[in-house]
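Here the structure is laid out as structure tokens; the discussion comes afterwards.
The values are calculated or read from the model by the stated rules, or taken from the named source; none is laboratory data. If you're wondering where the values come from, they're calculated on a predicted model, not measured in any experiment. Note: ideal-geometry Cβ built from the backbone for every residue, glycine included; neighbour counts use all protein chains shown.
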Amino acid sequence: MIGLEHFTILAALLFCIGLVGVLTRRNAIIVLIGIEIMLNAANLNFIAFWRYGENTEALSGPLFALFAIAVAAAEVAVGLALVIAVYRHYRSVDVDKLKSLKG
Amino acid sequence: MTIAFYVFASVALLGAILAVQVTNLVRAVFGLLLFFGALAGLFLLLMAEFLAAVQILVYVGAVGILMLFAIMLTQRVTGDDRRGGGSRGGFWGFLLAIATFCFVLLPVLRDAHLHEQSATGASLTTKLLGERLMDPYALTLEVTALLLTAALLGAIVVAKGTSEDGEGEENE
């Protein structure tokens with residue numbers, strides 16, 4: 001039988017994979033992909049805790065996940081628009097090259 | 001249930017690893033789509049059918065296509081990132097992620113005492129979800145709608161640029 005621990009450990013693994021993507025890659029689009037993976041791992045936790053929790057009628061988990069999906073969709077739209085704007089300006093989406101603010 | 005969980009979990013892990021490690025960006029996005037699909041399968045296993053459908057519609061349908069468009073607008077279609085794609089200090093980032101898993105997340109999960117209870121209750125019905133959205137979460141729903149509108153406008157304004165391209169100025 002699959003317990004709650006299986007889902008939480010899977011979500012933790014997925015979160016860390018996303019973190020690796022955010023921290024180690026130079027391409028801004030891959031960084032966004034890593035953020036998406038982390039958000040989805042959190043969503044998996046919401047649904048799993050709802051399913052294995054006590055008050056399933058309240059639907060807190062799915063509703064949180066639903067709002068998180070909406071916010072993530074907005075985030076990815078604005079993020080990709082920023083990537084395109086940065087590319088237009090620098091001719092590159094390499095996050096190591098974006099250092100105009102560096103003192 | 002057990003076999004399905006392990007199949008979906010390994011596909012999700014594989015897709016996530018592909019998405020962050022492959023140098024070709026288009027392949028990375030396809031790995032991400034694999035990950036989203038496997039996650040929708042996991043939602044189905046957790047009896048949240050509506051969220052699985054939303055996951056496929058929003059992520060596989062919209063976010064993946066949006067990412068592909070962004071790659072094709074910025075990397076001249078092939079999306080090859082041929083300098084390896086690793087960041088400076090990427091080794092430390094890798095180490096930090098591993099340390100986060102080993103020293104933060106895993107001890108928390110160990111100490112949490114997630115009691116071994118089986119899943120309860122009926123599956124998530126869309127009718128109940130709609131009623132909950134209307135009754136205690138109506139304000140949140142409105143704020144989300146406002147956020148999506150603002151994000152839409154902001155994305156258009158940011159991506160359109162100012163005057164470099166010459167185009168779009170007369171539309172204002």
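Brief remarks follow.
- Flag for A:Leu19 being assigned to a helix (DSSP H, G or I), touching a helix residue (DSSP H, G or I) at 6+ places or on another chain (Cβ under 6 Å), more than 7 Å from chain B (Cβ to nearest Cβ) and at pLDDT 90 or above: no
- Leading residue by the ranking (farthest from B:Leu73 (Cα to Cα)) among those in the stretch B:41-58 that are more than 10 Å from every other protein chain (Cβ to nearest Cβ) and either at pLDDT 90 or above or outside any helix (DSSP H, G or I) (or both): B:Leu44
- Search result, residues across the stretch B:110-130 that are at pLDDT 80 or above and either surrounded by 13 or more Cβ atoms within 10 Å (Cβ to Cβ) or not in a helix (DSSP H, G or I) (or both): B:Leu128, B:Leu129
- If you go through the stretch B:14-25 and pick out every residue that is more than 7 Å from every other protein chain (Cβ to nearest Cβ) and within 25 Å of B:Ile3 (Cβ to Cβ), you end up with 3.
Residues checked against (1) touching a residue at least 40 places away in the same chain (Cβ under 8 Å); (2) small (Gly, Ala, Ser); (3) farther than 12 Å from B:Ala28 by Cβ; (4) touching a strand residue (DSSP E or B) at 6+ places or on another chain (Cβ under 9 Å):
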| residue | (1), (2), (3), (4) |
| --- | --- |
| A:Ile2 | no, no, yes, no |
| A:Thr8 | yes, no, yes, no |
| A:Ile17 | no, no, yes, no |
| A:Val20 | no, no, yes, no |
| A:Ile29 | yes, no, no, no |
| A:Ala42 | no, yes, yes, no |
| A:Asn45 | no, no, yes, no |
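- B:Ala97 more than 24 Å from B:Val22 (Cα to Cα) and either modelled with pLDDT of 85 or more or outside any helix (DSSP H, G or I) (or both): no
- Selection status of B:Ala28, more than 7 Å from every other protein chain (Cβ to nearest Cβ), buried (at least 17 other Cβ atoms within 10 Å of the Cβ) and closer than 20 Å to A:Leu13 by Cβ: no
- Which listed residue is assigned by TED's automatic domain parsing to the domain that holds B:Ile71 and over 15 Å from A:Asn43 (Cβ atoms), from B:Leu46, B:Leu25: B:Leu25
- Scan of the stretch A:65-103 for residues that are within 8 Å of chain B (Cβ to nearest Cβ) and charged (D, E, K, R), ordered by number: A:Glu75, A:Arg88, A:Asp96
- One residue alone among A:Glu54, A:Glu75 is more than 22 Å from B:Ala9 (Cβ to Cβ), more than 16 Å from the chain's Cα centre (by Cα) and surrounded by fewer than 21 Cβ atoms within 10 Å (Cβ to Cβ), and that residue is A:Glu54.
- Matching residues in the stretch A:47-61 - criterion: being basic (Lys, Arg) and either outside any helix (DSSP H, G or I) or in contact with a strand residue (DSSP E or B) (Cβ under 7 Å, 6 or more places away or on another chain) (or both): none
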